[in-house]
Structure formats: structure tokens, C-alpha cells
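The values are calculated or read from the model by the stated rules, or taken from the named source; none is laboratory data. As the structure is a computational prediction, the values presented were derived from the model and not from experiment. Quick reminder, even Gly has a Cβ in these numbers, built from the backbone with ideal geometry, and neighbours come from all protein chains shown. Remember, those area values only see protein heavy atoms, side chains included, never the ligands or the DNA or RNA. Shrake-Rupley method; radii C 1.70, N 1.55, O 1.52, S 1.80 Å.
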Amino acid sequence: MAGSSAVLEDGSNLSRLDAGLHRIETVLALISGLAVFSLMVLAVISVNGRNLFNAPLPGYVDWIEQVMPLIAFMAVAYTQRDGGHIRMDILVGRLNGRALWLAEMVTALVSLILIALLVWGSWEHFTRSFDFSAPLWSRDSSIDIGLPIWPAKLLAPVAFSVLALRLALQVWGYGRAFVLGLSEPVAVPLVMSAAAQAAEEAEHVSALDQEGAR
């Protein structure tokens with residue numbers, strides 16, 4: 001299962017690469033959040049247009065099809081960096097030390113291979129839709145208002161490529177921890193205990209209370 005985690009930093013090259021990639025992941029996650037907000041705005045416009053003017057937003061379903069890949073794919077690397085994806089910890093949760101880092105490294109490596117295949121497959125899917133010589137550079141379009149579909153198809157290989165970079169850094173981080181026998185490696189999510197998670201949440205709430213009292 002997913003749990004709260006911390007990602008440590010230091011002055012190593014691995015940590016600097018992690019921080020740089022995290023900035024990109026944060027921007028993509030922000031875009032994903034804005035996409036969720038845009039769907040809410042589109043729904044309000046469409047419903048009010050139907051109720052007030054008997055004219056819903058043209059191509060409402062088409063716009064949803066365009067926005068959904070932003071929501072589905074753009075934040076996957078950000079979530080992977082923080083260890084937020086759902087996973088089973090029945091076995092891994094019992095490991096520690098080098099055994100834990102080896103298990104995590106193998107998991108990240110298998111995931112990296114799978115994502116590399118998805119990058120290749122999704123890029124091929126995009127190239128079948130994109131054509132410089134076609135109107136709007138598109139060989140296919142949405143059914144209602146004819147929006148080109150290639151921009152939505154391009155989002156998958158882009159997001160998966162960023163995720164592949166994140167997984168490669170985590171393979172490096174876990175491998176480094178395994179070889180050096182580190183207890184707290186950098187650039188990988190370290191699952192926090194329930195006590196540590198509660199302490200962090202209490203500190204966060206306390207900071208909000210102090211800010212509100214000013």
C-alpha cells in the first residue's frame with residue numbers, strides 16, 4: 001500500500017539530479033492539477049449554458065477527451081518520487097538494510113523496463129496520428145467538433161519519459177545504498193513510520209495555526 005515518505009538530499013550528483021528532475025515533475029503535477037480545475041470550469045459552463053440558454057458547451061465530451069491524459073499521466077513521476085503509488089508491502093515491509101535496497105532496486109528496474117516499453121509503444125501510437133502534411137497536423141480527430149487528437153496522444157510518451165528518468169535515478173539510488181550499505185540513501189522515497197508521519201502532520205498543522213493567528 002502507499003504510505004507517507006521522505007526523500008533526503010545532500011550535495012551529491014545524484015541528489016542534484018533528483019532536485020532538478022523534481023522541479024520538472026512539480027511543473028507537470030501543477031499542469032495536471034490545473035487540468036482537473038479546467039474540467040470543473042467546463043462542467044459549470046456546459047451545465048449553465050444548457051439550463052440558461054438551452055445551449056451546452058459545444059464539443060464538451062471532446063474537450064474532456066483532450067484533458068483526461070493531462071490528469072492521468074502528468075503527475076505519475078511526481079507521485080513516484082514521493083513513493084505515493086499503490087503497492088504491496090507485505091514482503092518488502094519486513095526487509096531492512098541491504099535486503100530492502102536490493103528488493104527496491106529490482107522493483108524499480110522492472111518498472112523502468114516496463115515504462116521504457118510503454119514509451120516506445122505510446123510514441124508509435126502518437127506517430128500514427130501526427131502528420132505534417134495533414135490539416136492541423138492530424139490524421140484523426142474527435143467526433144463532435146473535430147479537435148486533433150495527436151496532442152493528447154503525445155502526452156503519454158512525454159509523461160512516461162519523465163517517469164523513466166525518475167525510475168532510473170531510483171535504480172541508481174537504491175543500487176548505491178545496496179553497495180555502500182547506507183541506512184538513509186538520498187533521492188529515493190523512505191517510508192516514514194506512523195509516529196514520524198504523525199509528528200510531521202502535527203508540525204504542519206501547528207505552522208498553519210501560527211500563520212492564521214498573525
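Selection within the stretch 124-176: residues that are modelled with pLDDT under 90 and part of a helix (DSSP H, G or I). The member of this set that is nearest to S111 (Cα to Cα) is L136.
Which residue is farthest from W172 (Cα to Cα), if the candidates are limited to the stretch 100-118 and must be free of Cβ contacts under 8 Å to residues at least 12 places away in the same chain and open to solvent by 50 Å² or more (accessible area, probe 1.4 Å)? Restricting to residues being free of Cβ contacts under 8 Å to residues at least 12 places away in the same chain and open to solvent by 50 Å² or more (accessible area, probe 1.4 Å), the top hit is L117. Among the residues here, I24 qualifies as modelled with pLDDT of 95 or more and within 15 Å of the chain's Cα centre (by Cα). Screening R50 on (1) within 20 Å of L112 (Cβ to Cβ); (2) part of a helix (DSSP H, G or I); (3) open to solvent by 50 Å² or more (accessible area, probe 1.4 Å) shows it passes everything except condition (1). The condition of being among the small types (G, A, S), surrounded by fewer than 17 Cβ atoms within 10 Å (Cβ to Cβ) and within 24 Å of A187 (Cα to Cα) holds for only one of G83, G121, G146, G97, that being G97. Under the condition of being assigned to a helix (DSSP H, G or I) and farther than 14 Å from W150 by Cβ, which residue from the stretch 63-74 is least open to solvent (accessible area, probe 1.4 Å)? The extreme case among them is V67.
When you scan the stretch 105-121, do you find a residue that is under 29 Å from S38 (Cα atoms) and of a type outside the set (V, I, T), even just one? Taking every residue of the stretch 105-121 in turn, at least one turns out to be under 29 Å from S38 (Cα atoms) and of a type outside the set (V, I, T). Within the stretch 67-104, the set of residues being polar (S, T, N, Q) and either within 30 Å of P157 (Cβ to Cβ) or in contact with a strand residue (DSSP E or B) (Cβ under 9 Å, 6 or more places away or on another chain) (or both) comprises T79, Q80.
Among the residues of the stretch 7-21, those identified as loosely packed, with under 15 Cβ neighbours inside 10 Å and either modelled with pLDDT of 95 or more or not in a loop (DSSP other than H, G, I, E, B) (or both) are N13, R16, A19, G20.
Here the stretch 71-92 is the region considered, the condition is being touching a residue at least 40 places away in the same chain (Cβ under 8 Å) and small (G, A, S), and the residue that is farthest from G33 (Cα to Cα) is G83.
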